[in-house]
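A.B. asks: Handing you a structure now.
Every number in this text was worked out from the coordinates using simple rules, so none of it is lab data. This is a predicted model, so every value here is computed, not measured. Positions of Cβ are generated from backbone atoms using ideal geometry, with glycine treated the same way; all protein chains shown enter the neighbour counts.
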Amino acid sequence: MAVWDRFFSNWGRAAAQQLDFGGANGAVELTKRHPSFSLTKQGAVTGNLRVNLSWRMRTSDFGDRAGLGQGLRHPMRKFRPEMVQAQGPAMVNVDLDLACLYELQDGSKGVVQPLGNILGSINSPPYIQLSGDDRFGSGSGETIYINMDHRADFKRLLVFVYIYDGTPAFDRTHALVTLYPGNGPRIEIALDERAPEARSCAVVMLENVKGEIVLRREMRYVYGFQAELDRLYGWGLQWGRGYKTKV
């Protein structure tokens, strides 16, 4: 019986691990139980590491006249939020931005972000570049490119998401950060935890640990913006209020 008990115990742990790492179509999913992933051990430390933010808006559960009308014919439907792809200003009331705080081995620090049009550079320091600013949650979202051929220059990189404009509503945006290494499976981190008043979220940290490049799930929501994340992680930058041009 002891042998069988051990067998089923080990089988259960293996099954649980598969569930934790079972993202869509074979993707690795960083979770609370398994928060870290070694890019070095996966041989995924060359070329460009793409970090993509995609998101969709969930319409309000209440106050939608069409939804209320349908609820009379389908009583349970009014409790099922309607999903819509965020593609235009009429459908969107929140603007998510993807950004990255960086610290290089030579001590230089900074940020790559849409605000201020600080897009970085892929072939010169900080070897990080942002594709641009997606204000309406389009299908392609926003992407940060990290030049892993310069991994030895990195000390730590913190990828974070903040709500530039609109109601704090991380739990309604269905945001997903996906990392695409140059080799191996993609890594997914869903911003699905409830934090009703949070305006920023530290999503994932990339660290150079004695030459090994390790990803670590953070998922730390804060109620302020970049300056609060800076204090939380001890970056030591100076911050001021910034604005985007209207579109």
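A.B. asks: How large is the dipole of the stretch 174-247 about the Cα centre if only Lys and Arg carry +1 and Asp and Glu carry -1, each at its Cβ, rounded to the nearest 20 debye?
C.D. replies: On the way: 11 positive and 9 negative charges, 55 e Å.
So the dipole magnitude of the stretch 174-247 works out to roughly 260 debye.
A.B. asks: What are the radius of gyration and Dmax of the stretch 181-247, computed over its Cα atoms and given in Å?
C.D. replies: 15.1, 45
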